[in-house]
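What follows is a single structure, written as structure tokens, with notes after it.
The values are calculated or read from the model by the stated rules, or taken from the named source; none is laboratory data. Computed from a prediction, not measured in an experiment: that's the story for all the values here. A quick note on method: Cβ atoms are made from the backbone with ideal geometry, for glycine too, and the neighbour counts reach across all protein chains shown. SASA here: full protein model, heavy atoms, side chains in, ligands and nucleic acids out. Shrake-Rupley method; radii C 1.70, N 1.55, O 1.52, S 1.80 Å.
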Amino acid sequence: SFHLPYSRISLVPNVGLQVSISNAFAELDGNWRVKFHFIRDHGSFDLKVDNVYIKINLKLGSDTSGKPTIDTSGCSTHISEVRVHFSGKFGWLYNLFYSAVESRFRKILESKVCESVAKSVHSDLQPYLRTLPVTARIDAVAGIDYSLVAPPRATAQSLDVGLKGEFFSLAHRSTVPFPPLALALPPDHERMVYFGASSYFFNTAAFAYHAAGALVFDITDSMIPKDVEFHLNTSTFSAFVPQLEKMYPEMPMKLRLSAPSAPFLSIGPEGLSLRPVVDIQAYAILPTASLAPLFLLSLVSNVSAVIDVKAGHIVGNLKVGSLKPFSAPSAPQVRTLQSIMNILASSILLPRLNDRLEQGFPLPLPDRIQLSNILVRFHQNFLLLGADVHYQPR
């Protein structure tokens, strides 16, 4: 039997962690056999080890790939008492030398404990820490870089880990054209772990998807919900652009919605918001299936987002205000077109975006870590997520 009734993990500033184990004990029953010249004997033994104290310092770092590393920087062991009792034909004789045997056992055990600890750190703990993802693939378009930008830093109150937190295009990774923001988390202690995501994190997502051409959406008549009382064709739009009826009579249309630049998001105490510009290019679909450009509208809308965490993923839900002309007051015809675009955006585009955001983006969590008791708070320029942690053994 082997018991560790008391153990503790504490922080060692500028080093990492210290693991302390005290009052551990072990009991072992076994058989022995002796053959030495004409002496032959066998029997059993009882070994008891009491008040084992172990102290291990673990130094945390990072490698060139941005993965965390861990190593033992110190280990000490003390065993208060070892008791051995032999039984057998000459057991009474061996027991006369118990003090020498017990002293020898204690020294051997004390030396072996730290040796075993070092092996366990390298064979078990180090591979586990490396399950922290350096990159996470999001979909066919983008991934997230979660590499450590510096070794973990231990203070008297917390263990701080700086992660890059940057989206990138899988097809072609390019330099983000804006700098990351300095991020200083508030000294909250309600939860076991906190994750801070600055507006830089979310804006690199917009940059990566825009650079990959993923912020382009086509709307055709077949996509319009049945309860919407108009069709996407030149007959409908000739009321606003009269020459359409003459140039392209009764032809189906396609609308291509795109962002001329990556939407820039801001975070404040009131929440997360952005004001994207949307270019809407209208096409007539000719009998040859080729497209004839008709008109271009540039509209802008206020967008807010609700953020949550589910199953280790940041998930979101967008709420979109009315689309309005980007640069100039709208004429009556443009206002009517706006109304149509608002209907299409709310019934087609917004559900598609929210379906994607509901799938979420993974947080950088090691294997078999589950989050609970999650809180979400908004601060100036960053989002703070707090949670308690549960480790699920294999």
(message) Just to verify a number: FRET efficiency for residue 63 and residue 131, C-beta to C-beta distance, R0 = 22 Å, to 0.05?
(response) 0.95
(message) For the chain, what does the accessible surface come to per residue with a 1.4 Å probe? Please give it in Å².
(response) 57
(request) Assuming R0 = 41 Å, can you tell me the calculated FRET efficiency for the pair residue 181 and residue 22, based on Cβ-Cβ distance, to the nearest 0.05? (result) 0.40
(request) Find how much the distance from residue 240 to residue 372 grows on full extension, using 0.36 nm per residue of separation minus their present alpha carbon separation; answer in nm with one decimal. (result) 42.1 nm
(request) Tally up the carbon and sulfur contribution to the accessible surface of the chain as a whole percent, 1.4 Å probe, everything protein left in place. (result) 57
(message) From the gyration tensor of the Cα coordinates in region 1-148, what semi-axes in whole Å does the equivalent ellipsoid have, largest first, with each one equal to sqrt(5λ)?
(response) 46, 17, 12
(request) Please work out how many pairs of lysine residues in region 2-131 are eight or more positions apart (or on different chains) and have Cα atoms closer than 28 angstrom. (result) 19
(request) Please report the Cα spread of region 136-391 along all three principal axes, rounded to whole Å, starting with the longest. (result) 77, 35, 33
(message) Applying a 10 Å radius around every beta-carbon, put 118-124, 258-264, 164-170 in order of their mean neighbour count, most first.
(response) 164-170, 258-264, 118-124
(message) What figure, in Å² to the nearest 10, do you get for the accessible area of residue 37 with a 1.4 Å probe and non-protein molecules left out?
(response) 140
(request) Pull out the extension gain between residue 226 and residue 71, defined as 0.36 nm times the separation in residues minus the alpha carbon to alpha carbon distance; nm, one decimal. (result) 49.5 nm
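What's the FRET efficiency of residue 11 with residue 339 using the Cβ-Cβ distance as r and R₀ = 45 Å, to the nearest 0.05?
Once the sixth-power term is evaluated, E becomes 0.15.
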(message) If you average the alpha carbon positions of region 187-254 and of region 356-394, how far apart do those two centres end up, in angstrom?
(response) 29
